[in-house]
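The structure appears right after this line, and notes come after that.
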Amino acid sequence: MHSVYAWDYRWILKVLDFAQRTELNALILHRNDVVDQVVFPGLVFGVPQGKARSIFERYNAAYRKIYKYTPTRRSGPQLRRDYLRKVVAKAASMGIQV
């Protein structure tokens, strides 16, 4: 699946339905920005390299700057990770790998 449709669950469901009907066994999300959309760039927000062991520690160390520079997008990475988990779970329930 290519383009912004990868972030639209209605399209994901259509593609998964098609894949299942035609006996395809894999869904490829062709997006160059997946990693950028699901992580906080800690170094950009002042988290020293190696300090954070998880995205939650990175967020905790950087949240003041995140709120200052991008207050409306601060929960975006967590929401998109949850979305991807939902897509993977739905695909797995249909016998399709992502």
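Some notes on this structure:
- Applying the criterion of being exposed (fewer than 15 other Cβ atoms within 10 Å of the Cβ) and more than 14 Å from Gln78 (Cβ to Cβ) to the residues of the stretch 48-62, the residue that is modelled with the highest pLDDT is Arg53.
Here is a yes/no grid of residues against (1) more than 20 Å from Ala6 (Cβ to Cβ); (2) in a helix (DSSP H, G or I); (3) touching a Pro at 6+ places or on another chain (Cβ under 7 Å); (4) among the aromatic types (Phe, Trp, Tyr):
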{"residue": "Glu23", "(1), (2), (3), (4)": "yes, no, no, no"}
{"residue": "Asp36", "(1), (2), (3), (4)": "no, yes, no, no"}
{"residue": "Asn60", "(1), (2), (3), (4)": "yes, yes, no, no"}
{"residue": "Asp82", "(1), (2), (3), (4)": "no, yes, no, no"}
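- Number of residues in the stretch 14-40 that are modelled with pLDDT under 85 and surrounded by fewer than 13 Cβ atoms within 10 Å (Cβ to Cβ): the value is 4.
The values are calculated or read from the model by the stated rules, or taken from the named source; none is laboratory data. Keep in mind that this is a model prediction, so the values were computed, not measured. Glycine also receives a Cβ, built like all others from the backbone with ideal geometry; neighbour counts cover every protein chain displayed.
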